[in-house]
Amino acid sequence: MDKSTFRHHLSVAGWDEWHFHAFVRSDDGNIEHYWPSDDQVSMFGPEDLGGRFDSDPIAVWRATSTTLELHLIGRSGMELIDWSWPHAQVWGRTLLLGAPTVQKLPAFAVADPEVMVSGRTIHLFAPSLDGPMRHWFSESVEGGWSGQEVLSEHPASHDVRPCAVLRAPGTLDLFSVDGETSGLRRWFLDADGWRSEDLSPTPAGRKLAGRPTAVSFAPDRLDVFAVREDGVPVHWGWDGTTWFGPEQRLGGEGVLPGDLQLLSTDEKQLTLVARHADAAGQPQLLSWTLDPGQGEWRGPHGVGPCPF
């Protein structure tokens, strides 16, 4: 598989370190499936799954009482689509998936959706045509998808895919760019239902470009990064009680929006990966790592040229 031929994000669903399904959207929107050989020496594919998305697909697993369901979720035109396979977790045989079970959500969207799994429930988020963020959920293929739930009247940007974080079972936080202020907005679920708050009261956290990225390594901790239009990455943090930020902690600029990725490998160990344009205009991968002892970010560290 030649990764240099891909111009869209891969989505990978693995069930152990040696077995996974990989999906990519081709330039004409068709969804292709790849999988590894049993000896891990080569990749098989592409398998054309017989349909097209206008957003990069999101692959997730959902546990049932007897098996793991594989779901591939995205947007086709203005429709939100859920493809599923009930027996995709297999060993020792060809991993061709075949035709999926197709479900269409009862709504229209022009923005790319975000998906999060909590227990046996799949949650999907996307702003409405006029801006307010919406939520759907599915607890089983047989039960289908719920109707839409509007989370607040505050508009979200159609240009940015939201970012969802699961802090604890049933505890969801959602981040996106505010459609009016271009700052960071958070939606969260508590005992009183869904609520929303503006996290960019000052210009330092506004004029955001591209999708935010967030992680939680404990129920009382959130870290969020987003890139401003001037290429400066901005950080927000929450300690269970108080938000701090927006703050510029990385000392960098020229970061390209849209591909920022914050990773949590273990407690308090955070790594931020981003694309950066060098002096010749070529994209390079950079990383920063949080020093948990000092509470300081180390970097940027050059990872190497980026083929995308």
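Do the conditions hold for V177, that is, is it assigned to a strand (DSSP E or B) and not charged (D, E, K, R)? Outline the logic, then answer.
Values: assigned to a strand (DSSP E or B): yes; not charged (D, E, K, R): yes.
For V177, the condition - assigned to a strand (DSSP E or B) and not charged (D, E, K, R) - is met.
Could you check how many residues of segment 230-272 are within 14 Å of A214 (Cβ to Cβ) and hydrophobic (A, V, I, L, M, F, W, C)?
9
Yes or no: T265 in a strand (DSSP E or B) and surrounded by fewer than 19 Cβ atoms within 10 Å (Cβ to Cβ)?
Here the answer is yes, as T265 does meet what is asked.
I'm trying to understand the selection: among the residues of segment 285-308, which are part of a strand (DSSP E or B) and more than 19 Å from V234 (Cα to Cα)?
If the condition is that a residue be part of a strand (DSSP E or B) and more than 19 Å from V234 (Cα to Cα), then G302, V303, G304, P305 are the ones that fit.
Only one of A214, A209 is assigned to a strand (DSSP E or B), surrounded by 13 or more Cβ atoms within 10 Å (Cβ to Cβ) and either of a type in the set (F, W, Y) or at pLDDT 95 or above (or both). Can you tell me which?
A214
Out of all the residues in segment 176-206, which are among the basic types (K, R) and crowded, with 21+ Cβ neighbours inside 10 Å? Spell out how you get there, then give the answer.
Of the residues in segment 176-206, the ones among the basic types (K, R) are 185-186, 195, 206.
R185, R186, listed by residue number.
Any idea which of D223, D230 is acidic (D, E) and part of a strand (DSSP E or B)?
D223
Quick check, is D291 surrounded by 12 or more Cβ atoms within 10 Å (Cβ to Cβ) and free of Cβ contacts under 8 Å to residues at least 12 places away in the same chain? Explain how you work it out, then say what you get.
Numbers: surrounded by 12 or more Cβ atoms within 10 Å (Cβ to Cβ): yes; free of Cβ contacts under 8 Å to residues at least 12 places away in the same chain: yes.
So D291 fits the description; yes.
Would you pick out the residues in segment 139-160 that are of a type in the set (S, T, Y), more than 18 Å from S55 (Cβ to Cβ) and touching a strand residue (DSSP E or B) at 6+ places or on another chain (Cβ under 6 Å)? Don't jump to the end; show me each part of the working.
First, the residues of segment 139-160 that are of a type in the set (S, T, Y): 140, 146, 152, 157.
Going one step further and asking which of them are more than 18 Å from S55 (Cβ to Cβ), we end up with 140, 146, 152.
Hits for segment 139-160 are S146, S152.
From W236, W187, which residue is assigned to a strand (DSSP E or B), of a type in the set (F, W, Y) and touching a Gly at 6+ places or on another chain (Cβ under 8 Å)? If you could, list the steps in order and put the result at the bottom.
Details: W187 fails: touching a Gly at 6+ places or on another chain (Cβ under 8 Å).
Going through W236, W187 in turn, the sole match is W236.
Read through the list (1) in the same structural domain as E79 (by TED's automatic domain parsing); (2) assigned to a loop (DSSP other than H, G, I, E, B); (3) buried (at least 19 other Cβ atoms within 10 Å of the Cβ), then give the number of the only condition that V160 fails.
Status for V160: all satisfied but (1).
State all residues of segment 80-138 that are β-branched (V, I, T), surrounded by fewer than 20 Cβ atoms within 10 Å (Cβ to Cβ) and either outside the structural domain of L68 (by TED's automatic domain parsing) or under 29 Å from F175 (Cβ atoms) (or both); if no residue qualifies, say none.
Of everything in segment 80-138, those that are β-branched (V, I, T), surrounded by fewer than 20 Cβ atoms within 10 Å (Cβ to Cβ) and either outside the structural domain of L68 (by TED's automatic domain parsing) or under 29 Å from F175 (Cβ atoms) (or both) turn out to be V110, V117, T121.
The values are calculated or read from the model by the stated rules, or taken from the named source; none is laboratory data. Nothing here was measured: the structure is a model prediction, and the numbers come from that model. For neighbour counting, all protein chains shown are included, and Cβ atoms are generated from backbone atoms with ideal geometry for every residue, glycine included.
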